[in-house]
Amino acid sequence: MALPLAACTVHSAAADAEPAVRNFQFTTDDGVRLNVLEALPSSALPATEGKPVIVLVPGWCMPATIWQPQLQALGQRFRTLALDPRGQGDSDIPAHGYQAERRASDLHELLAPLPRVVLVGWSLGVLDALSLVYQFGDSQLAGLVLVDNSVGEPPAPHPSNFISELRANRSTTVERFVRAMFARPQPEAQIERIKQAAMKMPLDGAIALLSYPFPREHWRNIARSFSKPLCYCVTGRYLEQAHNLQRERPATRVEWFEHAGHALFVDEPERFNRIVSNFAQSA
């Protein structure tokens, strides 16, 4: 499907070297309008010709705006898109579609008209990216960047009471989750904006996203068999998984963010942007 031209400017860069960040929408085959942020180099198409498009997928209930530092930095050299998945950010909030298969289909529809893509998935976006590969193959992908979630390698994450805590007191649980994403202090207004964005989705949908019905081996097998370049950016929580994936799939590039929180691309944006830019340049 053809994507529309950018519909609305959400940021205009003062310096010529910085990209304008705009948004557009497209409608999925089940009638849900999804919002996408787009950054292009100021010199537009000649600067992006031959380069992959970078597509950023946020985590559980997070808005695409959390990728703003990446849109501004990566958009200087690459066409860069950040998706608001269904129920998130400025996309529609339907009562249905909060399953891995549907999320992968949404992503596939976004990617369909694009040339080669470097797909960057953070947290739940890791599973959505792997689901895309499982359902639709990797022919459009130049590479994958998986950011700080389990890929099914040992050791398994520790059990959590997060879902029961969500049911008992969603507001408090979401705020605690948002604050815990960062190792570096964030402005209170930013914390509140992210919290409110994360509360938009129906509770049952939010819980469904945490309950994909696949064994851990499902994700492990997809990651191990991915045939294109793969970079796995992790905090200490997933470092052992990263080493295990690299042992079984030696071509895997591992980047350890020792001093960052779960939103490592916010805590250490310059390093993360450099990693993704170099990865996309060589993909």
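Details
- Only one entry in ASP84, ASP106, ASP90 is touching a residue at least 40 places away in the same chain (Cβ under 8 Å), of a type in the set (D, E, K, R), open to solvent by less than 30 Å² (accessible area, probe 1.4 Å) and under 20 Å from ILE191 (Cα atoms), namely ASP84.
- Per-region count, the range 26-40, residues touching a residue at least 24 places away in the same chain (Cβ under 8 Å) and touching a strand residue (DSSP E or B) at 6+ places or on another chain (Cβ under 8 Å): 10
- MET181 being modelled with pLDDT of 95 or more, within 20 Å of THR65 (Cβ to Cβ) and touching a His at 6+ places or on another chain (Cβ under 6 Å): yes
- Test: GLU192 is within 15 Å of ILE66 (Cα to Cα) and either surrounded by 14 or more Cβ atoms within 10 Å (Cβ to Cβ) or polar (S, T, N, Q) (or both): no
- ARG247 being among the charged types (D, E, K, R), surrounded by fewer than 18 Cβ atoms within 10 Å (Cβ to Cβ) and in contact with a strand residue (DSSP E or B) (Cβ under 6 Å, 6 or more places away or on another chain): no
- Every listed requirement among (1) over 16 Å from GLN241 (Cβ atoms); (2) open to solvent by less than 10 Å² (accessible area, probe 1.4 Å) is met by LEU130 save one, (1).
- Check on LEU166, in contact (Cβ under 8 Å) with a residue 40 or more places away in the chain, touching a helix residue (DSSP H, G or I) at 6+ places or on another chain (Cβ under 6 Å) and closer than 15 Å to HIS262 by Cβ: no
- Residue count for the range 139-163 under the criterion of being surrounded by fewer than 18 Cβ atoms within 10 Å (Cβ to Cβ) and either touching a residue at least 60 places away in the same chain (Cβ under 8 Å) or among the small types (Gly, Ala, Ser) (or both): the result is 6.
- Residues of the range 204-234 satisfying the condition of being open to solvent by 50 Å² or more (accessible area, probe 1.4 Å), closer than 25 Å to ILE66 by Cα and either among the basic types (Lys, Arg) or not in a loop (DSSP other than H, G, I, E, B) (or both): ASP204
- Filtered residues of the range 191-235 (kept if small (Gly, Ala, Ser), under 21 Å from GLY261 (Cα atoms) and out of contact with any helix residue (DSSP H, G or I) (no Cβ under 6 Å at 6 or more places or on another chain)): ALA197
- Residue match in the range 216-231 (condition: closer than 26 Å to ALA95 by Cβ and touching a residue at least 60 places away in the same chain (Cβ under 8 Å)): no
- Selection status of GLU188, at pLDDT 95 or above and more than 22 Å from ASP138 (Cβ to Cβ): yes
- Residue within the range 269-279 that is in contact with a Gly (Cβ under 9 Å, 6 or more places away or on another chain), part of a helix (DSSP H, G or I), farther than 21 Å from ALA156 by Cα and open to solvent by less than 60 Å² (accessible area, probe 1.4 Å) present: yes
- Residue match in the range 3-18 (condition: surrounded by 21 or more Cβ atoms within 10 Å (Cβ to Cβ) and modelled with pLDDT of 55 or more): no
The values are calculated or read from the model by the stated rules, or taken from the named source; none is laboratory data. On a predicted model such as this, the values are computed, not experimentally measured, just so you know. Heads up, the Cβs are rebuilt from the backbone with ideal geometry, glycines too, and the neighbour counts pull from every protein chain shown. Note: accessible area is taken over every heavy atom of the protein model, side chains too, but ligands, DNA and RNA are not part of it. Shrake-Rupley method; radii C 1.70, N 1.55, O 1.52, S 1.80 Å.
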